[in-house]
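What follows is a set of notes on a single structure, which appears directly below.
The values are calculated or read from the model by the stated rules, or taken from the named source; none is laboratory data. All values reported here derive from a predicted model rather than from experimental measurement. Cβ sites come from the backbone with ideal geometry, for glycine too, and all protein chains shown count toward neighbours. These accessible areas exclude ligands, DNA and RNA; they are computed on the full protein's heavy atoms, side chains included. Shrake-Rupley method; radii C 1.70, N 1.55, O 1.52, S 1.80 Å.
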Amino acid sequence: DGGITQSPKYLFRKEGQNVTLSCEQNLNHDAMYWYRQDPGQGLRLIYYSQIVNDFQKGDIAEGYSVSREKKESFPLTVTSAQKNPTAFYLCASGTSGLQLGPYNEQFFGPGTRLTVL
Amino acid sequence: SQKIEQNSEALNIQEGKTATLTCNYTNYSPAYLQWYRQDPGRGPVFLLLIRENEKEKRKERLKVTFDTTLKQSLFHITASQPADSATYLCALVNPGYSSASKIIFGSGTRLSIRP
């Protein structure tokens, strides 16, 4: 059963804490992405990775960090430096930006809702 | 700066009618445009893609048009059903752009189909 999973579904964080959101895919996709979604706004790209051991900042990378040690996994850490972390976080995977498939569609996970207490 | 706008935050129509959603953009030259469906509390799901040199694309009850002169895409759902109620997102894609600008998403239109 191929797909992309995120955990946990809900996450609560106290101010000053770092938290890590998990994202795993078994679609054999090279590219993986992290987005943040706030009410009334489009998806905003935080980080993306086109290949293992390489990643680039998106529009709003400040206060976030990622790693890509395995093709299947792309965890996102929300650090205490992120001033307004309460949001819905979406992970996605797709064909690499360097070698696009015919659709280059992105496959999204179910999301993690992070709330800062 | 690049900007993408979807016509309205919410759209309510009667079951059986055609729903038309609009996506306008400025300061961007998309190679293609994608439409996604997002249900509450879930991730978006890809629906259709249309390339810059295509005028129209259809899939079952869905139709997408793309006018690069007007910088606009229209997304139509014919014979709408209550199950079509969801938020629909458009996304512009240009693989030739740098990093984060390769794909940008609109904020979505929340469509409600009343029985």
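Some observations on this one:
- In summary, A:Phe55 fulfils each of the numbered conditions (1) of a type in the set (Phe, Trp, Tyr); (2) without any contact (Cβ under 8 Å) to a residue 24 or more places away in the chain; (3) touching a Cys at 6+ places or on another chain (Cβ under 6 Å) with the single exception of condition (3).
- Hits in region B:61-115 (condition: under 15 Å from B:Arg37 (Cα atoms), open to solvent by 40 Å² or more (accessible area, probe 1.4 Å), charged (D, E, K, R) and more than 12 Å from the chain's Cα centre (by Cα)): B:Arg61
- Yes/no for B:Arg51 being touching a Leu at 6+ places or on another chain (Cβ under 9 Å) and open to solvent by 70 Å² or more (accessible area, probe 1.4 Å): yes
- Test for B:Tyr32: is it at pLDDT 95 or above, touching a strand residue (DSSP E or B) at 6+ places or on another chain (Cβ under 9 Å) and within 14 Å of another protein chain (Cβ to nearest Cβ): no
- When we screen A:Gly16, A:Gly40, A:Gly2 for residues that are at the interface with chain B (Cβ under 9 Å from one of its Cβ atoms), at pLDDT below 90 and exposed (fewer than 13 other Cβ atoms within 10 Å of the Cβ), the only hit is A:Gly40.
- For region A:43-79, taking the residues that are touching a Leu at 6+ places or on another chain (Cβ under 7 Å), within 14 Å of another protein chain (Cβ to nearest Cβ) and not in a strand (DSSP E or B), the one that is surrounded by the most Cβ atoms within 10 Å (Cβ to Cβ) is identified as A:Leu43.
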